[in-house]
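Trainee: Mind having a look at this structure? Questions to follow.
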């Protein structure tokens, strides 16, 4: 893990790097599924960068989180939309930050409600460690260590460009 760079990495450049990592897998006809909200933005960007014509899937894990009873419903809950048949497909699940693995687990649980994929891979821009579940990214562009109380937030700016912001608790 590397320490936090200053300034933060260019999220748009990271999306291009992620597309380059995924490109060799296009022969498997993968379907992209982005986890709201950062992963959804990245999945849409990957669709453009990879020249894919199929719509991306969008997944909201709010109801599938193992801490739902503690946190309740997120105020910005969005509908999950999977516009393709999941059964037997090669799925690339896309998120902005991989941390404990719980969001990824919830997304996989929800994905299986739509069918049994042939394979599920995970693509992230940032892996901050701190895993609580045995989850690892197949494709990633940045391993980063954060201090206690810090978190990375991916924003979609007014010009539709993606950018990182560091938050302190």
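Trainee: At least 2 residues that are modelled with pLDDT of 95 or more, in contact with a strand residue (DSSP E or B) (Cβ under 7 Å, 6 or more places away or on another chain) and within 25 Å of residue 132 (Cβ to Cβ) in each: list the helices (runs of 4 or more DSSP H) lying fully within the range 1-115 that qualify.
Mentor: 11-22, 38-50, 102-112
Trainee: Looking at (1) over 19 Å from residue 6 (Cβ atoms); (2) without any contact (Cβ under 8 Å) to a residue 60 or more places away in the chain; (3) surrounded by fewer than 19 Cβ atoms within 10 Å (Cβ to Cβ), which is the only condition residue 122 fails?
Mentor: (3)
Trainee: Right, something else. Would the range 124-133 turn up any residue that is modelled with pLDDT under 95, within 17 Å of the chain's Cα centre (by Cα), on the phi > 0 side of the Ramachandran plot and in a loop (DSSP other than H, G, I, E, B)?
Mentor: yes
Trainee: Still on this structure: Going by the conditions given, is residue 163 surrounded by fewer than 20 Cβ atoms within 10 Å (Cβ to Cβ), touching a helix residue (DSSP H, G or I) at 6+ places or on another chain (Cβ under 7 Å) and in a strand (DSSP E or B)?
Mentor: When the stated conditions are applied, residue 163 passes them.
The values are calculated or read from the model by the stated rules, or taken from the named source; none is laboratory data. These figures come from a predicted structure and were not determined experimentally. Cβ sites come from the backbone with ideal geometry, for glycine too, and all protein chains shown count toward neighbours.
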